[in-house]
Amino acid sequence: MSQDIKILSEKTLADAWGKLSETRLEMRRRDGTWQEVSREVYDHGSAAAVLLCDPAAGNIILTRQFRYPPFRNGDPGWLIEACAGLLDSDTPEACARREAEEETGYRPDSLTHAFAAYASPGSLTEKVECFIGLYGPDSRMSDGGGLHHEGEDIEVLEMPFAEGLAMIRDGRIVDAKTIMLLQHAALSGIFASNR
């Protein structure tokens, strides 16, 4: 398939926290003809996310933090999410463990890779590796809350798994990775004995 794409040019439009570029390319259409198109792409790295689950208690841990883009879009800025962060130079598993502890104060007892997902593949390069992390009462290492020097002010929310699913239905959770992780947990039967 790579022979069906020809990069003609790439121009950097912005390069700060992430890089915004414009690429002109030719692509071979399914009917065999070639078409020239332009695409803007934002690259700020890939990430890992983890839904912390306590199957014995029937609970999950989510976070609430301010997100400017939804606020700018006219929605509430304080989003409820699974903990997540950019990989930087870590492996996805190491990142998931680090972010869980920084944001929630809980160190997962174990991590299981659930899936990988692109939330907006039409414009973002970010690929999110998603994990289920098991925790229990002895997993708490600190109060969490994120890193102050990174401008994080994270509220830790422990709740029944059923409440997390209800938050998808009533619109309190609109974050894609969190919706996918909650649905994955529901489909995998992690909380089957607590329904």
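The values are calculated or read from the model by the stated rules, or taken from the named source; none is laboratory data. Quick caveat, the model's predicted, so the values are computed rather than measured. Ideal geometry is used to build each Cβ from the backbone, glycine not excepted, and the neighbour counts take in all protein chains shown. Note: accessible area is taken over every heavy atom of the protein model, side chains too, but ligands, DNA and RNA are not part of it. Shrake-Rupley method; radii C 1.70, N 1.55, O 1.52, S 1.80 Å.
What to note about this one:
- Rg/Rh (Cα only; Kirkwood hydrodynamic radius) as it applies to the stretch 98-178: 0.98
- For the stretch 24-30, 3J(HN,Hα) per residue [Karplus equation, 6.51 cos²θ - 1.76 cosθ + 1.60, θ = phi - 60°, Hz, x = Gly/Pro]: 9, 8, 10, 10, 7, 6, 4
- Of all aspartates and glutamates in the structure, the ones whose alpha carbon falls short of 17 Å from that of Lys6, not counting any fewer than 8 places away in one chain, are Glu22, Glu26, Asp31, Glu36, Glu40.
- Taking a ≥ b ≥ c as the square roots of the eigenvalues of the Cα gyration tensor, the stretch 54-98 is oblate, since a/c reaches 1.5 or more and a/b is not larger than b/c.
- Placing +1 on the Cβ of every Lys and Arg and -1 on the Cβ of every Asp and Glu, with nothing else charged, gives the chain a dipole about its Cα centre of roughly 760 debye.
- Considered as an equivalent ellipsoid built on the Cα gyration tensor, the stretch 39-138 has semi-axes of 25, 17, 11 Å, the largest given first.
- Under 26 Å of direct C-alpha separation, and excluding same-chain neighbours fewer than eight residues apart, Lys11 reaches these lysines: Lys19, Lys127.
- Mean shadow area of the stretch 1-80 over all directions, Cα convex hull, nm²: 9.6
- Put simply, the amide H of Cys83, placed in the peptide plane, has neighbours under 5 Å in Val50, Leu52, Thr63, leaving out anything fewer than 5 places away on its chain.
- Karplus 3J(HN,Hα) series, Hz, for the stretch 165-171 with 6.51 cos²θ - 1.76 cosθ + 1.60 (x for Gly, Pro): 5, 4, 5, 5, 4, 9, x
- Within the chain, helix-based [θ] at 222 nm, where runs of 4 or more DSSP H residues each add -39,500 (n - 2.57), nearest 500: -6000 deg cm²/dmol
- Lys/Arg +1, Asp/Glu -1 at C-beta; the chain dipole; positive extreme among Val50, Phe115, Gly32: Gly32
- Gyration tensor verdict on the stretch 13-58 (Cα atoms; rounded if a/c is under 1.5, prolate if a/b is larger than b/c, oblate otherwise): oblate
- Whole-number accessible area per residue in Å² for the chain, which is evaluated in the context of all protein chains at 1.4 Å: 57
- Using C-alpha pairs below 8 Å separated by at least 6 residues, the relative contact order for the chain is 21 percent.
- √(5λ) per eigenvalue of the Cα gyration tensor, the chain, largest first, Å: 35, 19, 16
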